[in-house]
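No value in this document is a laboratory result; all are computed from the given coordinates. Treat the numbers as computed from the prediction; the structure is a model and nothing was measured. With ideal geometry, Cβ positions are generated from the backbone for all residues, glycine too; neighbour counts draw on all protein chains shown.
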Amino acid sequence: MVSRVIPVDAFDLVIFGGTGDLARRKILPGLYRRFLAGQMPESSRIIGAARADLTDQGFRDMVAAAIDEFVPAERRDPVAIAGFLERIAFVSIDAVGDGGWAKLKGLMRENVVRAFYFSVAPSLFGDIAERLHTYEIADAWSRIVVEKPFGRDLASARALNGVLAKHFNETQIYRIDHYLGKETVQNLMAVRFANILFEPLWKSEYIDHVQITVAETVSVDGRGAYYDKSGAMRDMVQNHMMQLLCLIAMEPPYHFDPDAVRDEKLKVIRALEPVKPEDIVRGQYLAGGGEGGYVEHSENPASKTESYIGMKVNIANWRWKGTPFYLRTGKRMRARASEIAITFKEPPHSIFDDAPGWKENVLVIRLQPNEGMNLMMMIKEPGPGGMRLMQVPLDMSFADALGDEAEDVPDAYERLIMDVIRGNQTLFMRGDEVEAAWAWTDPIIEGWTARGDKPQGYDPGSSGPEDALMLMHRDGRRWREIKG
Ligand code: BG6
């Protein structure tokens, strides 16, 4: 089956920070793949903008090298690559001065979508936004794309929103959380709101607890300096994990429409209870397996930054009061595995008096790898000799269910960039959503700083610090095993 490609309008996409790491790894290879899929209209162009002194050809060579490195061989078609490169130009620009802006203006065309990707440090957002207006490069229909980190606390996020709001309306601002571009993350909404099956049970009356796990095997080596100022709370929980939690916890929006969806997510974030210190465990990976530990990778022997977080979160509303959400995420863990597991309660009364083998129903949504869903059900253990129960999975792998179509799925960045061109903000964070997430996060981080809390060490390849196990045991529950 060939996947349906929704056409987009012709566009001029300017990538500030066009020679940077994100552009090379994700944005440019992603655009090439969309070009290959026939989704880039003939006259569309991509303009790299950066401080480097490059010619158009010099930038094209860099893009060709990025495609070589980050696009799998079977998708590298020399004719397509040549066609893609023809659409690429470069402007050497001074984000804080005047150099290059007049040239950029000269390149912009009328009657195409103008989009500006700010793949630069947030400290430059204001300068770039201002110059896009002074030089009359952006117009009322232009869109800008910004990346995380969107601030490092509520005050800085507010300041950034303020800077952007001086020159752009909220409907022009696309704040990326790449988790929202993942196929399986969007599937959470399809599973919840396109099936009647789950919704009646989707509340504290029937759900015992929810576990959200994003485990990674990678370390922070190579980006330790950035990471050490951030930590798992700012790097993963405030944004990606929060989005996952919202998609599970939110009320059904009245329509799959940007503001309808974002209004419901915002309500969830605002309903989060403050987290008690004893409900959070922070960890830092130790050296092992021939590799340095966190403190070596961050080059900060006294670092108190966490590379792991396990926490219990409560949502104070009618639907979720009494059903905790346990979140955990960490680097250098046993396996790369992200999943959401919804554990249901016991039936109100068992007719199988002492039938052994009973376990809870669990709905597991595997986000990566091996995307799919698993519903753990009870059946009768086969054979004579009375009623014994056993748990079996109703197992669906998306790859099996979708066949070839699963292979054609665009990655998160491809999808999100095309949504910018289409003008669809559903999968982007609104300013108030980001601020609400920081408002909840700030007191947690401030508490650690005030108390001088230090993370607990954990072995690389493990499932996190010991105390994280206790966090669950205390409540008579257990984390699910982390399996790749
Ligand atoms: C990024 C974080 O936003 O997401 C990284 O900064 C993390 O630390 C990454 O590794 C995880 O993304 P993915 O798509 O590999 O799950």
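Tally Lys and Arg at +1 and Asp and Glu at -1 over the other residues with C-beta under 9 Å from the C-beta of Met472: what net charge comes out?
+3
Can you divide the C-alpha Rg of segment 35-83 by 2.2 N^0.38 Å and report the result to two decimal places?
With N residues counted in segment 35-83, Rg over 2.2 N^0.38 Å equals 1.24.
Treating only the Cα positions of segment 6-121 as identical point scatterers, give the base-10 log of I(q)/I(0) from the Debye formula at each q in 0.10, 0.13, 0.15, 0.21 Å⁻¹.
Cα-only, vacuum Debye calculation for segment 6-121: -0.27, -0.46, -0.62, -1.21.
Using only C-alpha atoms and all pairs of different ones, pull out the Kirkwood radius for segment 188-251 in Å with one decimal.
14.3 Å
Once both labels are modelled 7 Å past Cα along the beta-carbon direction, what's the Ala165-Asp68 spacing in nm?
In this crude spin-label approximation the distance works out to 4.7 nm.
Would you mind working out the magnitude of the charge dipole of the chain relative to its Cα centre, with +1 at each Lys and Arg C-beta and -1 at each Asp and Glu C-beta, to the nearest 20 Debye?
Dipole of the chain, to the nearest 20 debye: 480 debye.
How large is the convex hull of the C-alpha atoms of segment 59-106 per residue, in Å³?
It is 80 Å³ per residue.
Please report the projected area of the chain's Cα convex hull averaged over all directions, in nm².
Mean projected area for the chain: 25.6 nm², to one decimal.
For segment 189-280, what's the relative contact order in percent, using C-alpha pairs closer than 8 Å and at least 6 residues apart?
It rounds to 20 percent for segment 189-280.
Hand me the trypsin sites (Lys or Arg not before Pro) from segment 188-245 located in a DSSP loop with no more than 15 other Cβ atoms within 10 Å, in residue order please.
Lys203, Arg223, Lys229
Report, to two decimal places, the Cα Rg of segment 257-303 normalised by 2.2 N^0.38 Å (N = number of residues).
Taking N as the residue count of segment 257-303, the ratio is 2.01.
Counting only residues 5 or more places away or on other chains, whose amide H sits under 5 Å from the amide H of Ala287 once H atoms are built in the peptide plane?
For Ala287, the qualifying residues are Gly293, Tyr294.
How many percent of DSSP beta bridges within the chain run antiparallel, rounded to 5?
Counting only bridges with both partners in the chain, antiparallel ones make up about 55 percent.
Once phi is turned into ³J(HN,Hα) by the Karplus curve 6.51 cos²θ - 1.76 cosθ + 1.60 with θ = phi - 60°, what whole-Hz value does each residue of segment 268-282 show in order, with x for glycine and proline?
Karplus-based 3J(HN,Hα) across segment 268-282 equals 5, 4, 5, 8, 5, 7, x, 9, 6, x, 6, 9, 10, 10, 10 Hz.
Between beta-carbons, use under 14 Å as the cut-off and find the net charge around Asp459, counting Lys and Arg +1, Asp and Glu -1.
Neighbourhood net charge equals 0.
Dimensions of segment 188-318 along principal axes (Cα, Å, largest first)?
Extents along the principal axes, in whole Å: 51, 31, 26.
Around Val14, which amide H atoms from residues at least 5 apart in sequence, or from another chain, sit under 5 Å from its own amide H, with H modelled in the peptide plane?
Here Ile47, Ala115, Phe116, Tyr117 satisfy the definition.
Taking the alpha-carbon distance from Lys321 and a cut-off under 15 Å, which aspartates and glutamates remain once sequence neighbours fewer than 8 residues away in the same chain are dropped?
Partners found: Glu205, Asp208, Glu251, Glu273.
With a cut-off of at most 13 other beta carbons within 10 Å, and DSSP calling the residue loop, which GluC sites (Glu not before Pro) in segment 272-317 qualify? Please list them.
Glu299
Between Asp259 and Ala355, how high is the FRET efficiency from 1/(1 + (r/R0)^6) when r is the Cβ-Cβ distance and R₀ = 45 Å? Nearest 0.05.
That gives a FRET efficiency of 0.35.
Given a cut-off of 26 Å, name the pairs among Lys182/Lys265; Lys359/Lys454; Lys267/Lys454; Lys454/Lys483; Lys148/Lys182; Lys312/Lys359 whose C-alpha atoms lie farther apart than that in the structure shown.
Lys359/Lys454; Lys267/Lys454; Lys454/Lys483
Using the Karplus equation 6.51 cos²θ - 1.76 cosθ + 1.60 (θ = phi - 60°), what ³J(HN,Hα) coupling, rounded to whole Hz, does each residue of segment 204-221 give in order, writing x for Gly and Pro?
Taking θ as phi minus 60°, the curve returns 5, 4, 10, 9, 6, 6, 10, 10, 10, 10, 10, 9, 10, 9, 5, 9, 9, 4 Hz for segment 204-221.
I want to check the label-to-label distance for Ala190 and Asn370. Put each point 7 Å from Cα in the C-beta direction and report it in nm to one decimal.
Here the answer is 2.1 nm between the modelled labels.
Once amide H atoms are built 1.01 Å from N in the peptide plane, which residues 5 or more positions from Val313, or in another chain, come under 5 Å H to H?
Phe325, Tyr326, Leu327
Find, among the chymotrypsin sites (Phe, Trp or Tyr not before Pro) in segment 299-332, those assigned to loop by DSSP (not H, G, I, E, B) with at most 13 other beta-carbon atoms within 10 angstrom.
Within segment 299-332, the qualifying chymotrypsin sites (Phe, Trp or Tyr not before Pro) (loop, at most 13 other Cβ atoms within 10 Å) are Trp318.
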